[in-house]
Amino acid sequence: MKKQNQKGFTLAELLIVVAIIAVLVAIAIPVFTKRLEASRETTDIANLRSAYATATVAVMSGKKDITATTMYFNPNTSTGLSKSEADATKIGKGTVYPGGADTATLPSIITYTSTTAAAGKSIVISFDGTSQSAGKVNSIKFTT
């Protein structure tokens, strides 16, 4: 009697491998989602800090083009500021779940929490209503 060559894997072995892969995927998806949310929050915070720096430089250097009490952040212009929201860059990433980014170190004039609806929004900068050359930045936040 001739012995048959049994090459390959049995159905049970294949099912065990599939089950192990399914468990690994089930563990990895929440971790990946949390990291993705944290990176979105970090991006939003970095953009708000950049808008803060741009507005502070504009005020301290006495830019004459700050003619409104409300301006919008646009990193694609020479001053970084736009007078209308239509000209502003919509750079908000937004989050669905809190990602755990550190917002405690933000300056008090920047408004941002882990639940801020920032997706597709632009950044609005409010200046005080007095002379802009001697004025100050009042608040920085995403548009509503």
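The values are calculated or read from the model by the stated rules, or taken from the named source; none is laboratory data. Since the model is a prediction, treat every value here as computed from it, not as a measurement. Using ideal geometry, Cβ is built from the backbone for each residue, glycine included, and neighbour counts are taken over all protein chains shown.
Assorted remarks:
- Residues of the range 1-31 classified as assigned to a helix (DSSP H, G or I) and either in contact with a helix residue (DSSP H, G or I) (Cβ under 8 Å, 6 or more places away or on another chain) or at pLDDT 90 or above (or both), total: 19
- Residues that are surrounded by fewer than 19 Cβ atoms within 10 Å (Cβ to Cβ) and among the hydroxyl-bearing types (Ser, Thr, Tyr) within the range 90-99 comprise just one, 97.
- Among residues of the range 69-110, those that are in contact with a Phe, Trp or Tyr (Cβ under 8 Å, 6 or more places away or on another chain) and part of a loop (DSSP other than H, G, I, E, B), counted: 12
- Scan the range 105-144 for residues that are modelled with pLDDT of 80 or more and of a type outside the set (A, V, I, L, M) and the total you get is 14.
- From 87, 102, residue being surrounded by fewer than 16 Cβ atoms within 10 Å (Cβ to Cβ), acidic (Asp, Glu) and modelled with pLDDT under 80: 102
- Just one of the numbered conditions (1) surrounded by fewer than 16 Cβ atoms within 10 Å (Cβ to Cβ); (2) touching a residue at least 12 places away in the same chain (Cβ under 8 Å); (3) not hydrophobic (A, V, I, L, M, F, W, C) is not true of residue 78: (2).
- Among residues of the range 96-109, those that are over 20 Å from residue 52 (Cβ atoms) and hydroxyl-bearing (Ser, Thr, Tyr), counted: 1
- Residue match in the range 51-61 (condition: buried (at least 17 other Cβ atoms within 10 Å of the Cβ) and of a type in the set (Ser, Thr, Tyr)): yes
- When the test is whether a residue is polar (S, T, N, Q) and either surrounded by 11 or more Cβ atoms within 10 Å (Cβ to Cβ) or closer than 18 Å to residue 142 by Cα (or both), residue 10 does not pass it.
- Any hit, the range 72-79, residues being among the small types (Gly, Ala, Ser), touching an Asp or Glu at 6+ places or on another chain (Cβ under 9 Å) and more than 17 Å from residue 121 (Cβ to Cβ): no
- Conditions (1) surrounded by 11 or more Cβ atoms within 10 Å (Cβ to Cβ); (2) over 30 Å from residue 136 (Cβ atoms); (3) out of contact with any Gly (no Cβ under 9 Å at 6 or more places or on another chain): number failed by residue 20: (1)
- With respect to the conditions (1) surrounded by 14 or more Cβ atoms within 10 Å (Cβ to Cβ); (2) part of a loop (DSSP other than H, G, I, E, B), residue 43 falls short on a single one, namely (2).
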